[in-house]
Structure formats: structure tokens, C-alpha cells
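To keep things clear, I will list the structure first and then write my remarks on it.
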Amino acid sequence: MPGLSGPSDYSQEPSRHPCLHINAKEPFNAEPPRSALVSSYVTPVELFFKRNHGPIPLVDDIERYCVDINGLIETPKKLYFRDIRMLPKYNVTATLQCAGNRRTAMSITRKVKGVGWNVSAIGNAVWGGAKLADILELIGVPKLTSSTQSGGKHIEFVSIDKCEEENGGPYKASIPLSQATNPEADVLLAYEMNGEPLNRDHGYPLRVIVPGVIGARSVKWLDSINIIAEECQGFFMQKDYKMFPPSVDWGNISWNTRKPQMDFPVQSVICSLEDAQSIKPGKVRISGYAVSGGCRGIERIDVSIDGGKTWREATRFQKTGTPYIADGISNDKWAWVLFELTVDIPQSTEIIAKAVDSAANVQPEKVQDIWNLRGILNTSWHRVHVRIGHSNM
């Protein structure tokens, strides 16, 4: 497209922070140390996980860059970057999480297919841009619309990048039109991250942000928007990111029996301690993150320091000095909640965290019960083992 191109090789990749743990080099997929996630409520851009499916696109001429809006609408439109920046700007604090977060722990139970993510394929940022509902209104699709007059019921986002899974074609995904046209859903065409222009890894110059939904639907390097009758038929909607039961393997899988995954379930992770870490006996601060999709708040985080025999409740917070109440009006409704608890640990033990969201959904105890061949949505109780000895903290 004019102004933006998708390279066919990896010779022009951007620089990245040296502390990132690289899970795949080409395409580049990396995550920060878990301790970095609880160092601040808003994740610094350089420490935000990198999830890519091909070489990083390049902007040739930002003045020529535009997004084509086509499909089942009366008036197709070409929207230039400058046009989008002239629309009302909204800042939305939202957590993005890869559906494969914590995949490595699931693969220990049984082998799964996918990038081997630990616990840091997640981050929280302030995204700035125009609401998709406002943009669709420009082309004659009113707010709170579930179907256009021509039968359009879904919004497809098409990237400029080149993916092996799409046989060299672009990454694409879709969301329901009813979600796209709902201003309260806060779906953005974002051009800023944490108050600065998006960098290349995170979608410069323009990306979609779909809060409360797995990161796979927040398409980067936006090329076009299509109003379509059915869900997007791309690889990552139809043959990936679907939740199958443990009984399904690569020999009996039937992709069309499951819907594409959208909201992510309730999740929590201990970030202040590594598994198998040595600590000194005495007071230990346990901290981490908890999050739930679909605009559900976090009702509580339970922590056990004796392998699940007894539990105590951790303190929850988002912004400093503001009390957190699940689904409270002052909360960032699409963002994670950080938690902490200081306890006395006199001996080697297993520490566990589990979260409960505002709909009373709770994390499952065992990863075996939610194992699936693609290793997505590992939301089982998070466990770290600590031993008393020489501290390496």
C-alpha cells in the first residue's frame, strides 16, 4: 500500500531491549523478565512483549499512508493518517495478553504447538487514538449497529505484514460489528502508546486495540478494514486460537467445531519470585498481576504459602492512592490489577496465586484439566517453589 510496506525478509528489524527473553528470533517474539511487569502499573514500551508473525513493516511515506474501508457498506472510503488524527482522540488504558501466555507450563504436561511463552506475554499500556465507532460513523454505519443494510455483521482488520501461515499473505482478524460500533467497548485505531507514537514492533503507524480480548485480534500495521457478513476466514481466526478439550489432538481435530477465541479468562501470576528461587527465611513480599477479559474486574486474589492448604487475600491496586474496587467507576476497566502480600516464610514451600473476577469466575486448579493442543489460555493456579537458603534476590 502507499506509504507502508511489508518486507519479505528480516534484514531491517528494529532494535530491541537487551533484557528481553527471545522465544523466537524470526519472526521476533520476546518477553521481559517477570519482575519487570510489577515494577510499574503501565508497562514501559521497551519492556512490552513482542508478538510477531513476520518481518516488521516499514513506513516509506507517512503522508501517503491510508486505510481503505470497504465491504458491505454504501460508501467505501480511503482514510488518510492525517484524517484519523483529526478525529476526537481517546486514551484507553488496556492490558494486551497473548493467548499463548504461560504456554511453557502447559507443555510440561503434554507437548503443545506454539511459541514457548513463560508468564510475561502480557503488558498494560495507555493507548491513544480514534474510536472505531467514530470512524465507522463517517461511512454511514451508526453507533450501536449489529448489521449494515447490506448484511455486514463483522469488521475485518487486514495488516500489511506477510505471514507464513497465510502463505505469504497478510495477517487478519475480525470482531463483531456490534462491538466495533459500541463506544463503550473502546475499540481504537491507535497511533500512540504511553503518550508516544507507536514504535515499529507495536504497529507503527496505526493498529487496532480491542480491549478485553486476546491480543490476536488487535491487528497491527493496519492496511484495510472490511465490513463482511461472516467472521474473517483467515488462518488466525479459523485454524488457530481456538479452545479445544484435552481429548482433541492433531489426529482428530476439526477446526470448524469451535468458535474463534475472543475474551480471555481470569488470570493471575506471581512476578516477584522465580520458580525454584532460593530465599532467606523471614518476611517475603509476594506480588504479581491479575486480569480478566470482557470488562470483568478482579474481585480478589488468593495466595497460599503452604501449597494450597490455607489461603489469605492479597491487596489489589491499579493507580497509586486510589482504592481498587472491582468494577468501580474510577477503575481502568480494561486493565490489569496488581497485587501484593507480605508474609513470613520460615521453610521451603510452594506458593500459589489464584484470582476471582467480578463474575465469580475462578482460575482452574490443574493445568491438566485445561490442556489443549495449541497451548492457549493456561489460566491454571500459578505456582512457584521457593527453598530456604542463600538468597539470590
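Just to be sure before I move on: is Pro183 surrounded by fewer than 21 Cβ atoms within 10 Å (Cβ to Cβ), more than 21 Å from Gln97 (Cα to Cα), at pLDDT 95 or above and not hydrophobic (A, V, I, L, M, F, W, C) in the structure I sent?
yes
For residues in the stretch 127-138 being aliphatic (A, V, I, L, M) and surrounded by 18 or more Cβ atoms within 10 Å (Cβ to Cβ), which is farthest from Thr93 (Cα to Cα)? Give the steps one after another, and end with the answer.
Going residue by residue through the stretch 127-138, those that are aliphatic (A, V, I, L, M) are 130, 132-133, 135-136, 138.
Those left that are additionally surrounded by 18 or more Cβ atoms within 10 Å (Cβ to Cβ): 130, 132-133, 135-136.
Numbers: Ala130: 14, Leu132: 16, Ala133: 18, Ile135: 20, Leu136: 22 Å.
Among those that are aliphatic (A, V, I, L, M) and surrounded by 18 or more Cβ atoms within 10 Å (Cβ to Cβ), it is Leu136.
Which numbered condition in (1) assigned to a strand (DSSP E or B); (2) more than 22 Å from the chain's Cα centre (by Cα); (3) not polar (S, T, N, Q) is the only one that Lys354 fails?
(2)
Just name the residue that is surrounded by the fewest Cβ atoms within 10 Å (Cβ to Cβ) out of those in the stretch 361-386 that are over 20 Å from Arg258 (Cβ atoms) and in contact with a strand residue (DSSP E or B) (Cβ under 7 Å, 6 or more places away or on another chain).
Checking each candidate, the answer is His385.
Is it the case that Met106 is at pLDDT 95 or above and open to solvent by 60 Å² or more (accessible area, probe 1.4 Å)?
no
Criterion first (over 16 Å from Ser40 (Cα atoms), out of contact with any helix residue (DSSP H, G or I) (no Cβ under 7 Å at 6 or more places or on another chain) and polar (S, T, N, Q)) does Ser348 satisfy it?
Answer is yes for this residue.
Of the conditions (1) open to solvent by less than 20 Å² (accessible area, probe 1.4 Å); (2) of a type outside the set (D, E, K, R); (3) farther than 18 Å from Leu132 by Cα, Ala216 fails just one. Which one is it?
(3)
Starting from residues that are surrounded by 15 or more Cβ atoms within 10 Å (Cβ to Cβ) and of a type in the set (Asp, Glu), keep the ones in the stretch 14-62 and report whichever is nearest to Cys271 (Cα to Cα).
Here the answer is Glu31.
May I ask you to list the residues in the stretch 252-286 that are at positive phi and open to solvent by less than 40 Å² (accessible area, probe 1.4 Å)?
Gly282, the sole residue that qualifies.
Within the group Leu79, Leu72, Leu87, which residue is over 17 Å from the mean Cα position of the chain (by Cα), surrounded by 18 or more Cβ atoms within 10 Å (Cβ to Cβ), without any contact (Cβ under 8 Å) to a residue 60 or more places away in the chain and in the same structural domain as Pro211 (by the TED database)?
Exactly one of Leu79, Leu72, Leu87 is over 17 Å from the mean Cα position of the chain (by Cα), surrounded by 18 or more Cβ atoms within 10 Å (Cβ to Cβ), without any contact (Cβ under 8 Å) to a residue 60 or more places away in the chain and in the same structural domain as Pro211 (by the TED database), namely Leu79.
Condition first: closer than 19 Å to Arg51 by Cβ and among the hydroxyl-bearing types (Ser, Thr, Tyr). Can you find one or more residues in the stretch 140-151 that meet it?
no
Can you name every residue in the stretch 255-281 that is at pLDDT 95 or above and part of a strand (DSSP E or B)?
Asp263, Gln267, Ser268, Val269, Ile270
Residues Asn101, Asn91, Asn118: which one is in contact with a Gly (Cβ under 6 Å, 6 or more places away or on another chain) and under 22 Å from Gly293 (Cα atoms)? Lay out the reasoning, then the answer.
On the way: Asn101 fails: in contact with a Gly (Cβ under 6 Å, 6 or more places away or on another chain); Asn118 fails: in contact with a Gly (Cβ under 6 Å, 6 or more places away or on another chain).
From the options Asn101, Asn91, Asn118, the qualifying one is Asn91.
Does the stretch 192-226 hold any residues that are among the hydrophobic types (A, V, I, L, M, F, W, C) and assigned to a strand (DSSP E or B), and which are they?
Of everything in the stretch 192-226, those that are among the hydrophobic types (A, V, I, L, M, F, W, C) and assigned to a strand (DSSP E or B) turn out to be Met193, Val208, Ile209, Val213, Leu222, Ile225.
Can you name the condition, by its number, that Ser147 falls short on among (1) open to solvent by 30 Å² or more (accessible area, probe 1.4 Å); (2) in contact (Cβ under 8 Å) with a residue 60 or more places away in the chain; (3) farther than 17 Å from Leu189 by Cα?
Checking Ser147 against (1) open to solvent by 30 Å² or more (accessible area, probe 1.4 Å); (2) in contact (Cβ under 8 Å) with a residue 60 or more places away in the chain; (3) farther than 17 Å from Leu189 by Cα, the one that fails is (2).
Return the residues of the stretch 316-333 that are surrounded by 13 or more Cβ atoms within 10 Å (Cβ to Cβ) and part of a strand (DSSP E or B); say none if nothing qualifies.
Passing the criteria: Arg316, Phe317.
Cβ contacts < 6 Å: first residue assigned to a strand (DSSP E or B) and surrounded by fewer than 23 Cβ atoms within 10 Å (Cβ to Cβ), restricted to the stretch 287-314; second residue at pLDDT below 95 and not β-branched (Val, Ile, Thr), any location; separation 6+ or different chain. Result?
Taking only residues 6 or more apart or on different chains, the pairs are Glu299/Ala326.
Which residues, counting only those in the stretch 17-43, are of a type in the set (Lys, Arg) and over 16 Å from Gly54 (Cβ atoms)?
Arg34
Do the conditions hold for Glu156, that is, is it of a type in the set (Asp, Glu), farther than 17 Å from Ala133 by Cα and either part of a strand (DSSP E or B) or at pLDDT below 95 (or both)?
Taking the combined requirement at face value, the residue does not satisfy it.
Among the listed residues Pro176, Pro245, identify the single one that is more than 30 Å from Leu47 (Cβ to Cβ), in the same structural domain as Gly152 (by the TED database) and at pLDDT 95 or above.
Of the residues listed, the single one that is more than 30 Å from Leu47 (Cβ to Cβ), in the same structural domain as Gly152 (by the TED database) and at pLDDT 95 or above is Pro176.
Confirm whether Pro170 is under 20 Å from the mean Cα position of the chain (by Cα) and in contact (Cβ under 8 Å) with a residue 24 or more places away in the chain.
Taking the combined requirement at face value, the residue satisfies it.
The values are calculated or read from the model by the stated rules, or taken from the named source; none is laboratory data. All values derive from a computational prediction rather than experimental measurement. Reconstructed Cβ throughout: ideal geometry from the backbone, glycine too, with neighbour counts over all protein chains shown. Just so you know, the surface numbers come from the protein's heavy atoms only, side chains and all, with ligands and any DNA or RNA stripped out. Shrake-Rupley method; radii C 1.70, N 1.55, O 1.52, S 1.80 Å.
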